[in-house]
Amino acid sequence: MTTTTPSSVGSGLDRVEGLDKVTGRARYAFEYSPRDLAYAVPVQAVVARGEIHAVDVDAVLKCPGVIAAIWYGNAPRLASDDGGELAVLQSPRVAYRGQYIGVVVAETLHDAREAAGLVRVEYAAERHDVELRADHPGLYRPEVVNPDFPADVEQGDPDAALAAAPIVVDAVYSTPAEHNNPMEPHATVAAWDGDGLTLHDSNQGASAVRDTVAALFGMPPANVRVISPHVGGGFGSKGLPHPHVVLAALAAKQVGRPVKLAVTRQQMFAVTGYRTPTIQRVRLGADAGGRLTAIVHEAFEQSSTVKEFAEQTTVPTRMMYAAPARRTTHRLVRLDVPTPSWMRAPGETPGMFALESAMDELAIACGLDPVELRIRNEPETDPESGLPFSSRNLVACLREGARRFGWAGRDPAPGVRRRGRLLVGTGVAASTYPVYRRPSQAGARAEPDGRFTVRIAAADIGTGARTVLTQIAADALRAPVDRVRVEIGDSALPTASLAGGSMGTASWGTAVVRACEALLEELDRRGGDLPVGGVEAGADTTEEIRGQRRFARHAFGAQFAEVGVDVDTGETRVLRLLGVFAAGRIVNPKTARSQLVGGMTMGVSMALLEESVMDREFGDYLNHDLAQYHVAACADVRDIEALWVEEDDPHLNPMGSKGIGEIGIVGTAAAIANAVHHATGVRIRDLPIRLDKLVR
Amino acid sequence: MNGEADTTRWGASTPVTVDLRLSVNRDEYPITVDTRETLLDTLRERLDLTGAKKGCDHGQCGACTVLVDGRRVKSCLTLTVTLDDREITTVEGLADGDTPHPLQTAFVDHDAFQCGYCTPGQLCSAVGMLAEAAAGWPSVVTPDMNGAPRLDDDEIRERMSGNLCRCGAYVNIVAAIGEVAR
Ligand code: FES
Ligand code: FES
């Protein structure tokens, strides 16, 4: 039945759902409309801290089409209530402005929206505190930073090493709050059937949403089904269920009808997470030859009062470069602000902006080329743990990038290259992202017609997961891809880990390979005798992953940017951006390039445009829509290219792959800021690189 | 939520409805619409034409772009009640039967999308944009206001900047449109 087929992994297969997406057939969460549905529109708090005394429900119920108005005073109680972000309508307390404090359910979207806008809420407002400062008296050292790293790590005597160092860089960098803003706003359609709950939901992992929602409503996970075949981007913001999922389920339960709830773009700035702002002090000590003798990286960041979210900002500094003395710390303050969450490469993205900017400053202080400086500080083993790297090809990326970009012979003098109205400069920065893998299950089935079906509750949020899993399964089954159908995006499928932490392909791919192997064995055992119903086999990778050898596993990359800064307006344009990555075996060069270029594009956006501005007076992210929160548009993106070096790493997973969803964004902002310094002589240490910071 | 709601408005919001005939992708839909209803909501919530996407509902992202009488419009900013007897085309109507529109094919070939959520808007916008260029409409980057604009990459980027793509597929979108345009 199976013949030898050329390997599918490594080929640039078109996205298997491509035609569905270009014809409009692909359906996203809000596009499911159960019979007898009603619309839910949330009500948000207009104070940043306080208590709700009353809501005039009766008045709302008189509005046309309104079925219910639900708030703390009349909401069903959840089975588990930890007082956290998901304890929706379980308390009269307001923890941040924009928090969901009620919901109106009506026959039509217009009726619900109109009535929600008229809800009168009486608050006892309290003084709020929404400003992150490095000297905030409320700063503390969290137990751990995400997901489970120590908050502080110290090796050697960094203070003595800094005092003794002939060359020292000491600078403070800051990154603003940034919002993920996937193009598809978060949405949930909730329908109860007795004790069973079905959610059409936009998320990065149906199994995790199922488990979380089941616990909140005190049900076994089997009573909840989460369906999410297509997801319009997430970038971390759909990794954890946010309050709207609970609100939709609560509302549907209360009214006894299916309910559709879409988070509006404006609401997303309060209730779906964001990247914490950071303030970071970096101190580097080096000898005259540019060899690091000390690294100190301290981060200050915020979380909300309802949840401790501790971004792991200085964690990459623990393994990036060799140095005998090092200290990396995190301090957190709990403010009356929305709860931060994951945003593409959390930790690495803000942390590497600071570290890689500081490395550029060090190169200048040492009179060394910044590529050479990084090569000189390459560690042999993981500096923190002493573990060997499973593979580490940062130097190869730097060299290959320098060659392709035309770096050789670069004049380091800043502010001296004029091209028409532009001051032109180039910059480099390194990227890195850890390689994770989590347990998952998968099923593989030989169908009577000679086709195969592979099932796993994975999520394709635009990563190409459905496509690469098809390729991985085809190779494992020794079958052509057109005989393999991969079903994902449904919690009824075998339980799978999240699309997050750049670990989707590694985690799901391992489970898929093992399930396919088990199926081939089963088919072998049957000697080609296939029963009418087909044959199925499954796999669970928990044991395999628990038993894997300890290595420092990371992907690396080098990014090179050329910018032009208008001499009069200070407007910065990225003229060229090249990323060269070492990320194990590339499963699909077509979708991989899109992922890496997409990450770099978001990095351009971060470097030049993105900034959520906190309104101190009202405790609100002020610029909460896409007209005021700028993300890169088509004309902002010119020449971006992503390449990779061959990397053969046997210590990863059956595919030999490292994750590529996040590393693209990591070094981009630093490469651009370094290029802006080279172009203008102005060092921008606080993102984004706005015109007003360059016009003096 | 508006804390300063004018309480005299209670009960004053009884919906006003209008009967009209919508023509979408050459199908006729006699329909009664709420005068507050946008074309985007009519398509998605009433006609089950969910190809047009809602990314912001405020005219800021382009995900909802459709064609009205061949011109690109943001359907979230267009009240359905204004569209009696106009020709509406959505992404579902771009293909010729089972043959995809050349732009649809080019988008798949060039991997000009990832999550696909901006894609219907990008496609409708590109169809409208190509027609605008063919009609000689200049853009801010057109060097010569009198000749027919040549759709190089700069022109395409400029003319497609009303359609955001958070996945960052711009490089491939420009390549896909360029292939069809040239
Ligand atoms: S939904 Fe219409 S422009 Fe964003
Ligand atoms: S493909 Fe995801 S927003 Fe464009």
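The values are calculated or read from the model by the stated rules, or taken from the named source; none is laboratory data. Remember, it's a predicted structure, so these values are computed and weren't measured experimentally. Neighbour counts run over all protein chains shown; Cβ positions are idealised from the backbone, glycine included. What goes into the accessible areas is simple: the full protein's heavy atoms, side chains included, and nothing from ligands, DNA or RNA. Shrake-Rupley method; radii C 1.70, N 1.55, O 1.52, S 1.80 Å.
Couple of notes before you dig in:
- Listed peptides A:505-511, A:119-125 by packing density, highest first (mean Cβ within 10 Å): A:505-511, A:119-125
- When every Cα-Cα distance of segment B:17-93 is counted in 10 angstrom steps from zero, the calculated P(r) takes the values 22, 60, 18 percent.
- Among the protein heavy atoms of the protein assembly as shown, carbon and sulfur supply 49% of the accessible surface, probe 1.4 Å, non-protein parts ignored.
- Annotation: per residue accessible area for chain A equals 34 Å², rounded to a whole number [probe 1.4 Å, protein chains only].
- Ellipticity estimate at 222 nm from DSSP helix runs (n ≥ 4, -39,500 (n - 2.57)) divided over chain A, nearest 500: -7500 deg cm²/dmol
- The value of relative contact order for segment B:102-181, using C-alpha pairs under 8 Å at least six residues apart, is 48 percent.
- Qualifying lysines (Cα of each under 29 Å from Cα of residue B:53; at least 8 residues distant if same chain): A:21, A:238, A:253, A:260, A:590, B:74
- For segment A:591-605, accessible area lost to neighbouring protein chains reaches 50 Å² or more, against the chain alone with a 1.4 Å probe, at A:594.
- 10 Å binning of all Cα-Cα separations within chain B, expressed as whole percents from 0 upward: 9, 33, 31, 17, 7, 2
- Signed unit charges on C-beta, dipole axis of segment A:210-318, positive-most listed residue A:314, A:270, A:249: A:249
- Long-range HN-HN contacts of residue A:177 with modeled amide H, under 5 Å: A:612
- Computed about its Cα centre, the charge dipole of segment B:102-181 is approximately 240 debye, with only Lys, Arg, Asp and Glu carrying charge at their Cβ.
- Chain B, helix-only ellipticity at 222 nm - DSSP H runs n ≥ 4, -39,500 (n - 2.57), divided by all residues, nearest 500: -7000 deg cm²/dmol
- Proximity of backbone amide H atoms, modeled 1.01 Å from N, is registered between residue A:621 and A:615 at under 5 Å, excluding neighbours fewer than 5 places apart on the same chain.
- Reachable aspartates and glutamates, given that their alpha-carbon falls under 12 Å from the alpha-carbon of residue A:307 and they are not under 8 places away in the same chain: A:82, A:85, A:336
- Candidates B:24, B:40, B:64 compared by Cα position along the dipole of segment B:17-93: farthest toward the positive end lies B:64, with charges placed on Cβ.
- Dipole check for segment B:17-93: with +1 at the C-beta of Lys and Arg, -1 at the C-beta of Asp and Glu, and the Cα centre as origin, the magnitude is about 360 Debye.
- Hydrophobic, long helices, defined as DSSP H runs whose alpha-carbon span along the helix axis is 24 Å or greater and whose mean Kyte-Doolittle value is at least -1.0, occur in chain A at A:348-366, A:504-525, A:589-608.
- Ranked from largest, the principal axis spans of the Cα set of the protein assembly as shown equal 79, 75, 68 Å.
- From the C-alpha gyration tensor of segment B:119-159, square roots of 5λ in Å: 19, 11, 6
- Total charge dipole magnitude, the protein assembly as shown, about the Cα centre, Cβ charges on Lys, Arg, Asp, Glu only, Debye to nearest 20: 920 debye
- Surface burial for A against B, with a 1.4 Å probe and both sides summed, reaches about 5400 Å² of accessible area.
- Simple rule: put +1 on each Lys or Arg Cβ and -1 on each Asp or Glu Cβ in segment A:127-228, find the dipole, and look at A:156, A:146, A:189; the Cα lying farthest toward the positive end is A:189.
- Among B:156, B:31, B:88, the largest mean-square fluctuation in a Gaussian network model of chain B (Cα springs under 10 Å) belongs to B:31.
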